[in-house]
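Novice: Dropping the structure in here first, questions after.
The values are calculated or read from the model by the stated rules, or taken from the named source; none is laboratory data. Here the structure is a predicted model, which is why all the values come from computation and not from measurement. A quick note on method: Cβ atoms are made from the backbone with ideal geometry, for glycine too, and the neighbour counts reach across all protein chains shown. Accessible surface is based on the protein model in full, side chains and every heavy atom, while ligands, DNA and RNA are left aside. Shrake-Rupley method; radii C 1.70, N 1.55, O 1.52, S 1.80 Å.
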Amino acid sequence: MATQQPDVDALRASRERILERIAAAAARAGRRTEDVMLVAVSKTVAAERLRAAVAAGITLLGENRVQEAASKAPDVPGARWHLVGPLQSNKARRAVELFDVVQTVDSVDLGQRLDRIAAELRPGRRLDVLVQVNVDLDPHKAGVSTSDAAAVVEGLGGCANLAVRGLMTVGRLTTEEREQRATFAGLRTLADELRATLALGPELSMGMSDDFEIAIEEGATIVRVGRAIFGERQAPA
Ligand SMILES: *Cc1c(COP(=O)(O)O)cnc(C)c1O
């Protein structure tokens, strides 16, 4: 189906608004706006609308389910994909085929599996991964605890086909700015500590529609924004 121009225009306007908010937050923190990457989280958004998104310059997409990404990706040429949801080991192969970055590695076992598959499917090209950290030990969230993070980052250091680009977290479900900030500052502090002794890249993936500006003020280099670009989701995701 042809891409609808009104969709493209609306998405371009959305993207510009978000980029302006990113730039303003970066400026408040004395940071460069180029140091913050926008991943547009496109879960539940149909492939047709994502083609309009790509036409509007929204080319870096985040999905939280491997299967959903696999079903849409062939219909969205020009997009690149990040996995932002939990990865089951039986979907690791499909994930390596589809995603540029797996943001949700939470165990050495999973990392080693991705490492073996990456060696086979993309020899000589490391797969970028982030380690997901459950900063607040929220039982509803995935990720390693801050106290286990060092062991996982160290274990992944032995995976020659992975590049551990940094850490990722999901903020607290609260409107209290002080609490939102504490989670993001916690991830940043942890990354600084780990980098003193371990090979860990510079990325901090943190911040979503309701809290990305605070995350940027606290050092986010990747923000994952869904609803503020695409609108409220119909189906739960
Ligand atoms: C859905 C999702 C997002 C985007 O959330 P919005 O509130 O729509 O911006 C970001 N990160 C993860 C891990 C998600 O699952």
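Novice: Can you tell me how much longer the chain between Gln234 and Asp9 gets when fully stretched, taken as 0.36 nm per residue apart minus their C-alpha distance, in nm with one decimal? Provide the component values of the computation, followed by the final result.
Specialist: Details: separation 225, 0.36 × 225 = 81.00 nm, distance 2.14 nm.
Result: 78.9 nm gained on full extension.
Novice: Report the label-to-label distance for Glu179 and Gln112 in nanometres (one decimal), using points 7 Å from each Cα along the Cα→Cβ vector.
Specialist: Once both label points are built, they end up 3.8 nm from each other.
Novice: Still on this structure, I have one more. I need the Kirkwood Rh of region 157-237: take the reciprocal of the average 1/r across all distinct C-alpha pairs and report it in angstrom.
Specialist: Numbers: mean 1/r = 0.0728 Å⁻¹.
This gives a value of 13.7 Å.
Novice: In nm, to one decimal, how far is the modelled label at Glu120 from the one at Ala160, with both set 7 Å along Cα→Cβ?
Specialist: Distance between label points: 1.7 nm.
Novice: Local charge sum around Gln4 (other residues, Cβ-Cβ under 10 Å, Lys/Arg +1, Asp/Glu -1)?
Specialist: Numbers: positive: Arg49, Arg51; negative: Asp7, Asp9, Glu48.
Residues near Gln4 contribute -1 overall.
Novice: Continuing with this model, one more query. Keeping the other protein chains in place, figure out the carbon and sulfur percent of the accessible area of the chain, with a 1.4 Å probe. Working shown, then result.
Specialist: Values: 5340 of 11120 Å².
The C+S portion of the solvent-accessible surface of the chain is 48 percent.
Novice: May I ask you to derive the relative contact order of the chain, considering only C-alpha pairs under 8 Å and at least 6 residues apart, and to give it as an integer percent?
Specialist: 20
Novice: Ignoring everything except DSSP H segments at least 4 long, calculate the 222 nm mean residue ellipticity for the chain; use -39,500 (n - 2.57) per segment, divide by total residues, nearest 500.
Specialist: Numbers: 9 runs with 101 residues, N = 237.
Per the formula, -13000 deg cm²/dmol.
Novice: Just order 203-214, 76-87, 21-32 by mean Cβ neighbour count inside 10 Å, highest at the front, would you?
Specialist: 203-214, 76-87, 21-32
Novice: Counting pairs of alpha carbon atoms under 8 Å apart in space and at least six apart in sequence, what relative contact order in percent does region 57-138 give? Each step should come with its number before you reach the end.
Specialist: Details: 110 pairs, mean separation 21.1, N = 82.
With pairs under 8 Å counted, the relative contact order is 26 percent.
Novice: Over what distance in Å are the Cα centres of region 104-125 and region 4-21 separated?
Specialist: 35
Novice: Further question on the same structure: Between Asp35 and Thr59, with labels modelled 7 Å along Cα→Cβ, what's the label distance in nm to one decimal, could you check?
Specialist: 2.5
Novice: Could you do me a favour and compute the accessible area per residue for region 197-237, 1.4 Å probe, result in Å²? Provide the component values of the computation, followed by the final result.
Specialist: On the way: 1580 Å² over 41 residues.
With all protein chains present, region 197-237 gives 39 Å² per residue.
Novice: Sorted by mean Cβ packing within 10 Å, highest first, what order do the peptides 59-70, 216-227 take? Don't skip to the end; give the middle numbers.
Specialist: Details: 59-70: 19.7, 216-227: 22.8.
Top to bottom by mean Cβ count within 10 Å: 216-227, 59-70.
Novice: Considering all projection directions equally, how large on average is the shadow of the alpha-carbon convex hull of the chain, in square nanometres?
Specialist: 12.7
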